[in-house]
Amino acid sequence: MGKLSVLNVGGHPKDAILYAGGTMANHIANGDTVCTLTPTHGLSHHETAIANFKQNKKINFDSLIEERKNELEAASAELGIKDVRFLGHDDTIILPKPEIIKEITDVILEVKPDIIITHWPNDTVPAHANATQMTLLAIEAASCVQKDDSKQPHSIKQIFFHVSQGRTNIRENSRPPNPTTIIDITDVIHLKSNAMNKFKSQYYGENGNLQRKLGEALDGNIHAIHSRVPYAESFIADQPSLYSLLPLSEYQLSIQNKTKEDNLKHLSQFLIN
Ligand SMILES: [Zn+2]
């Protein structure tokens, strides 16, 4: 298969990495083109700023927004991603807006992704669900005739919604969407961990235990265990895939053909060691 272009959308700056960072690192290792995009500056969810605000400390909004942009760029760089689109819109009340949809459309027309990754459309966090709605509208707009005839229309081949169990909040687990596609991220889990540790505004960091705990509990969750791999990210494909024969993943067969001993040894790799 030829090299792919992948656009990874996250409602807040850290989401593109948190939900699909390992998968992105795999695509980079495969020589694919990867772009991360976040429509918002994420200031309403800047955890340390919220804490300072509550203590009546002075807040410089511009430098906080710059900090969140720098964090996403640094995290993406850990995964080998150089193309980062930080659109910087306010996320206090995030609604699908034509100007944001137009900006996402322009990125699609420029990057020409084969695959787009974004949040599950019914995600319980409004900034996530609305980022997906805007992305779906931008996908539609990009496939149409463009007023600017220097830009060719572009059609996406597949959309993957990330549905990693337990990530967003506990409410997601009351109606868990079942993944169609699970990506083994074991070989790149430490890259993802290093990337997440760049989000210091969100209490991640080398000296904190947050990413180590989340890496084990969420990337090492039930989808990974049932796929017999230590760490995985989970997705739902938007469109059914077309084949001439019933498919069986060669990768899955290679994992399942391991001996019981090898399997247990493989499964018990730990991020915390
Ligand atoms: Zn988020």
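The values are calculated or read from the model by the stated rules, or taken from the named source; none is laboratory data. From a predicted model like this one, the values you see are computed outputs, not experimental measurements. For neighbour counting, all protein chains shown are included, and Cβ atoms are generated from backbone atoms with ideal geometry for every residue, glycine included. These area figures cover heavy atoms from the full protein model, side chains too; ligands, DNA and RNA do not enter into them. Shrake-Rupley method; radii C 1.70, N 1.55, O 1.52, S 1.80 Å.
Considering only the stretch 26-33, I want to know if a residue exists there that is within 16 Å of the ligand (Cβ to nearest atom), over 19 Å from THR135 (Cα atoms) and of a type in the set (A, V, I, L, M, F, W, C). Can you show your working first?
The first filter runs over the stretch 26-33 and keeps only residues within 16 Å of the ligand (Cβ to nearest atom), leaving none.
Within the stretch 26-33, not a single residue is within 16 Å of the ligand (Cβ to nearest atom), over 19 Å from THR135 (Cα atoms) and of a type in the set (A, V, I, L, M, F, W, C).
Inside the stretch 47-88, can you point out the residues that are basic (Lys, Arg) and in contact with a Gly (Cβ under 9 Å, 6 or more places away or on another chain)? Don't jump to the end; show me each part of the working.
Initial filter on the stretch 47-88 (basic (Lys, Arg)): 54, 57-58, 68-69, 82, 85.
The answer is ARG68, LYS69.
State the number of residues belonging to the stretch 34-59 that are within 11 Å of the ligand (Cβ to nearest atom), among the polar types (S, T, N, Q) and touching a helix residue (DSSP H, G or I) at 6+ places or on another chain (Cβ under 7 Å). Full working, then the answer.
Here is the first cut: in the stretch 34-59, the ones within 11 Å of the ligand (Cβ to nearest atom) are 38, 40, 42, 44-45.
Checking the rest, the ones that are also among the polar types (S, T, N, Q) come to 38, 40, 44.
If we keep only those that are touching a helix residue (DSSP H, G or I) at 6+ places or on another chain (Cβ under 7 Å) too, we end up with 38, 40.
Residues flagged as within 11 Å of the ligand (Cβ to nearest atom), among the polar types (S, T, N, Q) and touching a helix residue (DSSP H, G or I) at 6+ places or on another chain (Cβ under 7 Å) within the stretch 34-59 amount to 2.
Go through the stretch 214-252 and count every residue that is under 17 Å from ALA20 (Cα atoms) and open to solvent by 70 Å² or more (accessible area, probe 1.4 Å).
Count: 1.
So in the stretch 144-169, with the set limited to residues that are under 19 Å from PRO240 (Cα atoms) and either small (Gly, Ala, Ser) or open to solvent by less than 50 Å² (accessible area, probe 1.4 Å) (or both), which one is nearest to the ligand (Cβ to nearest atom)?
Initial filter on the stretch 144-169 (under 19 Å from PRO240 (Cα atoms)): 155-163.
Narrowing further to those that are either small (Gly, Ala, Ser) or open to solvent by less than 50 Å² (accessible area, probe 1.4 Å) (or both): 155-156, 158-163.
Numbers: SER155: 28, ILE156: 22, GLN158: 23, ILE159: 18, PHE160: 17, PHE161: 14, HIS162: 11, VAL163: 14 Å.
It comes out as HIS162.
Kindly provide the set of residues from the stretch 113-123 that are more than 16 Å from the ligand (Cβ to nearest atom), in a strand (DSSP E or B) and open to solvent by less than 10 Å² (accessible area, probe 1.4 Å), ordered by number. I'd like the intermediate steps shown before the answer.
Filtering the stretch 113-123 for residues more than 16 Å from the ligand (Cβ to nearest atom) gives 113-116.
Going one step further and asking which of them are in a strand (DSSP E or B), we end up with 115-116.
Within the stretch 113-123, ILE116 is the sole residue that qualifies.
Any idea which residue in the stretch 1-17 is nearest to the ligand (Cβ to nearest atom), counting only those that are open to solvent by 10 Å² or more (accessible area, probe 1.4 Å) and over 18 Å from VAL111 (Cβ atoms)?
Step by step, filter the stretch 1-17, then rank; the result is HIS12.
Just checking, does the stretch 20-27 include any residue being among the β-branched types (Val, Ile, Thr) and either over 13 Å from the mean Cα position of the chain (by Cα) or within 22 Å of TYR203 (Cα to Cα) (or both)? Spell out the reasoning first.
Residues of the stretch 20-27 that are among the β-branched types (Val, Ile, Thr), as a first pass: 23.
Those still in the list that are either over 13 Å from the mean Cα position of the chain (by Cα) or within 22 Å of TYR203 (Cα to Cα) (or both) too: none.
No: zero hits.
Select the helices (runs of 4 or more DSSP H) contained entirely in the stretch 1-94, then report the ones holding at least 2 residues which are closer than 20 Å to HIS119 by Cα. Don't jump to the end; show me each part of the working.
Numbers: elements: 15-29, 47-54, 61-78.
Fully inside the stretch 1-94 and qualifying: 15-29, 61-78.
Any residue that is outside any helix (DSSP H, G or I) and crowded, with 18+ Cβ neighbours inside 10 Å - is there at least one of those in the stretch 124-140? Explain how you work it out, then say what you get.
If we filter the stretch 124-140 for residues that are outside any helix (DSSP H, G or I), which is where we start, we get 124-125.
Among the residues that remain, those that are also crowded, with 18+ Cβ neighbours inside 10 Å are: 125.
Checking the stretch 124-140: at least one residue is outside any helix (DSSP H, G or I) and crowded, with 18+ Cβ neighbours inside 10 Å.
Tell me which of these ALA20 doesn't satisfy, since it passes every other one: (1) modelled with pLDDT of 95 or more; (2) more than 15 Å from the ligand (Cβ to nearest atom).
Every listed condition holds for ALA20 apart from (2).
Restricting the search to the stretch 170-200, which residues are in contact (Cβ under 8 Å) with a residue 40 or more places away in the chain, among the small types (Gly, Ala, Ser) and open to solvent by 60 Å² or more (accessible area, probe 1.4 Å)?
Selection gives nothing.
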